[in-house]
Amino acid sequence: MTFDDLLRRAAALVRPDRRAVLGIAGSPGAGKTTLAERLVRELGPVAAHVPMDGFHLADVELDRLGLRDRKGAPETFDAAGYAALLNRLRSSGELVYAPGFERVLEQPIAGAVPVPPSARLVVTEGNYLLLGTGSWVRVRAELDEVWFCAPDEQERVRRLVARHEEFGKSHEAAVAWVSRSDERNAELVARTRERADLVLTSAQLPVP
């Protein structure tokens, strides 16, 4: 399956009566954002990218809950709010604003992602789209299809460490965070792979 095949499959989800939502899942560093951004760029105004990362809880709330050291785990997201936004996107053809995520600040930013009426396909991506617990079940119910990114594991971890370094961590701190937090989350995400409609390996995924 080539990228052009993926593009055609995504375009086929578009329906005249409502917006469609395509989910792209996978472990941290799997290439979800790269794939989503390329799909939206190639599809043009008919598509919009809405990342799950905008539903990170703010650090002040993570501190209150005692979850700061678990940032990125399922319980550190507003899954119910994410599901509600996806439902609104599917049921409304109007302009909708979604939250974004500022990686330099490591904080969610309200109203940062506009989804215009011309966008008939929303491509959303995140780690836990296929998680079968809590409010994440409601998230899956709002997705027309979910694709799972499963690249080479060594390459995934290398990219993940490099991303943490890019946004300010030392190499040692990046490796420690990946080993302690990201890989624990990756193990959980990997167990959801069988629920995907399509699994994509390194051969099908665009190079970051």
* **Counted residues, the stretch 85-119 - those being in contact (Cβ under 8 Å) with a residue 12 or more places away in the chain and part of a helix (DSSP H, G or I)** => 6
* Scan the stretch 46-66 and report the pairs whose first residue is in contact (Cβ under 8 Å) with a residue 40 or more places away in the chain and whose second residue is part of a loop (DSSP other than H, G, I, E, B) and β-branched (V, I, T), with Cβ atoms within less than 9 Å and a gap of 6+ or a chain change. => V46/V14; A47/V14
* **Qualifying residues in the stretch 168-188 (those that are modelled with pLDDT under 85 and surrounded by fewer than 12 Cβ atoms within 10 Å (Cβ to Cβ)) - the one farthest from the chain's Cα centre (by Cα)** => E172
* Structure fact -> The lone condition Q204 fails out of (1) within 19 Å of G26 (Cβ to Cβ); (2) under 16 Å from the mean Cα position of the chain (by Cα) is (2)
* To do: Out of E125, E145, report the one residue that is of a type in the set (D, E, K, R), surrounded by 15 or more Cβ atoms within 10 Å (Cβ to Cβ) and touching a Ser or Thr at 6+ places or on another chain (Cβ under 9 Å).
  => E125
* To do: Being touching a Phe, Trp or Tyr at 6+ places or on another chain (Cβ under 9 Å), surrounded by fewer than 15 Cβ atoms within 10 Å (Cβ to Cβ), at pLDDT 95 or above and in a helix (DSSP H, G or I) narrows it down to one of G81, G54, so name that one.
  => G81
* When both residues are 6+ apart or on different chains and their Cβ atoms are under 7 Å apart, which pairs have a first residue that lies in the stretch 130-143 and is within 13 Å of F77 (Cα to Cα), and a second that is modelled with pLDDT of 95 or more and in a loop (DSSP other than H, G, I, E, B)? -> L131/T192; W136/Y128; V139/L129
* Structure fact -> In the stretch 33-51, residues that are buried (at least 20 other Cβ atoms within 10 Å of the Cβ), touching a helix residue (DSSP H, G or I) at 6+ places or on another chain (Cβ under 7 Å) and assigned to a helix (DSSP H, G or I) total 1
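If only one of A30, A73 is surrounded by fewer than 19 Cβ atoms within 10 Å (Cβ to Cβ), at pLDDT below 95 and under 17 Å from the mean Cα position of the chain (by Cα), which one is it? Give the steps one after another, and end with the answer.
Working: A30 fails: surrounded by fewer than 19 Cβ atoms within 10 Å (Cβ to Cβ).
Testing whether each residue is surrounded by fewer than 19 Cβ atoms within 10 Å (Cβ to Cβ), at pLDDT below 95 and under 17 Å from the mean Cα position of the chain (by Cα) leaves just A73.
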* Enumerate the pairs (first residue in the stretch 187-208 and part of a loop (DSSP other than H, G, I, E, B); second residue anywhere and modelled with pLDDT of 90 or more and among the β-branched types (V, I, T)) with beta-carbon separation below 8 Å, excluding pairs fewer than 6 apart on the same chain, so at least 6 apart or on different chains. => A196/V146; D197/V146; Q204/T2; L205/T34; P206/T34; V207/T34; P208/T34
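The values are calculated or read from the model by the stated rules, or taken from the named source; none is laboratory data. What you see is a predicted model, and the numbers here were worked out from it, not measured in a lab. Every residue, glycine among them, receives a Cβ derived from its backbone with ideal geometry; neighbour counts consider all protein chains shown.
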